[in-house]
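Handing you a structure now.
Just so you know, all these numbers are worked out from the coordinates, no wet-lab data involved. Keep in mind it's a predicted model, so treat the numbers as computed, not measured.
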Amino acid sequence: MTEEMIGLFKELVSIDTTSDPDSKESPSTESQNLFAEILAGKLSELGIEDIKVDKYGYVYGSISSNTEDDLPAVGFIAHMDTSPDCSGKGVKPIVHKNYGGGNLELKGVTLSPEEFPSMLAYTGKTLITSDGTTLLGADDKAGVTEIITALKYILEHPQLKHGKIGVCFTPDEEIGRGADHFDPEIFGCDIAYTMDGGVIGELSYENFNAARAKIDIKGKSVHPGDAKGIMINAGLVAAEINSRLPENDIPAKTEGYEGFFHLTEIKGNVESAHLDYIIRDFDRESFEGRKNLISKITDEINSKYGNETATLTLYDEYLNMANIIDKNSPAITKAAQAMEKAGVKVRIEPIRGGTDGARITYMGLPCPNIFTGGHNFHGPYEYICVESMEAAVRTIINIAVK
């Protein structure tokens with residue numbers, strides 16, 4: 001199973017499925033449509049039933065129950081796209097067998113346990129990286145690979161009794177649209193899990209409340225020699241807005257349950273400028289406070305420079321699923337027992353990010369998140385441990401079968 005799983009993973013990450021936040025289409029990139037068809041073909045080869053690729057690029061399928069026992073229908077979800085933060089084109093995965101605990105020298109990039117101490121936990125195991133020029137794409141093609149591998153095992157072992165098992169592969173999760181067109185009725189499950197976590201053992205039912213803030217700034221450009229009392233430099237206004245946010249509330253200075261403002265884009269000149277932020281917080285009251293702060297700053301800028309100087313577009317992306325799921329819920333208990341049976345130590349931790357499962361949970365389908373085994377997502381330092389992937393496969397099987 002291991003070599004076949006590695007082969008599938010290498011095949012999938014080599015296909016570019018980067019999502020595009022500026023696209024108005026769904027999916028946002030045509031490559032995801034092509035990938036959806038490839039995955040539908042993989043499921044068909046396994047003998048998965050009711051395979052459907054809808055007009056939005058979602059791939060659905062299922063395995064029928066093989067027992068008369070009344071078991072809940074369980075589903076597994078992973079996303080097809082990779083982050084636009086780093087190139088996902090031409091990924092060349094490298095398999096490092098029997099990792100010795102030292103540096104991994106890639107093209108222009110050194111993966112060092114001095115910088116990433118987590119690597120030392122995998123001494124003697126097998127790691128997979130990119131060649132250093134792209135991200136790897138384990139987020140979330142590891143999840144896709146693990147689900148397909150687990151379903152294949154279940155179908156090849158009919159003596160394993162199970163209820164209905166559903167599968168869905170979603171587009172555009174990395175740009176916050178992964179659940180935009182998800183259809184719970186087509187999926188047809190009672191509980192579900194996103195296979196989209198990181199280090200082995202992670203089981204998460206808490207995630208950030210998430211919003212996005214986009215600020216467009218209109219300046220007034222005149223000759224600098226005659227600018228006194230007239231010029232409004234949009235670039236400087238953008239810098240002023242950013243300076244009014246709490247300087248320590250940024251990703252590089254926060255951890256655990258601490259929230260942040262993350263400036264993802266800044267551009268401009270004297271005449272116009274643009275700021276793009278993601279806003280994150282676990283606590284709902286604090287989350288609303290962050291949104292109110294950025295609205296207040298925008299209002300103050302307009303009072304200072306003129307009512308049409310700064311235009312704020314602010315909207316929620318997803319909410320914390322812990323408002324609906326708790327650690328004693330059946331979905332969490334079932335997953336924890338499955339991990340323990342697979343020999344995995346359970347780590348219930350908050351997700352400092354989001355998954356499709358957050359929004360799906362608010363659709364009435366409890367959907368916590370399970371580890372895939374990857375580290376350092378969204379960049380050239382990304383790596384994954386093969387033995388962790390195997391543990392994820394065993395966990396899926398243990399959840400799915402009686």
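Any chance you could give the angle, 0 to 90 degrees and rounded to 10, that helix 386-400 forms with the longest Cα principal axis of the chain?
70 degrees
Taking the chain as the reference, fit the longest principal axis to its C-alpha atoms, fit the long axis of helix 30-46 to the helix C-alpha atoms, and give the angle between the two in degrees, 0 to 90, nearest 10.
10 degrees
Then there is this: Note the direction-averaged projected area, equal to a quarter of the hull surface, for the Cα convex hull of the chain, in nm².
Value for the chain: 21.3 nm².
Express in whole angstrom the spacing between the alpha-carbon centres of the range 304-341 and the range 99-163.
The range 304-341 and the range 99-163 have Cα centres spaced 26 Å from each other.
Assuming a viscosity of 1.306 mPa s and a temperature of 10 °C, what translational diffusion coefficient in µm² per second does Stokes-Einstein assign to the range 99-147, Rh being the Kirkwood radius over Cα pairs?
Diffusion coefficient, whole number: 134 µm²/s.
Which value, in Å³ per residue, describes the convex hull spanned by the Cα atoms of the range 152-247?
211 Å³
Reachable lysines from LYS267, Cα under 19 Å, same-chain residues fewer than 8 places away excluded?
Straight-line reach from LYS267, under 19 Å: LYS214, LYS218, LYS220.
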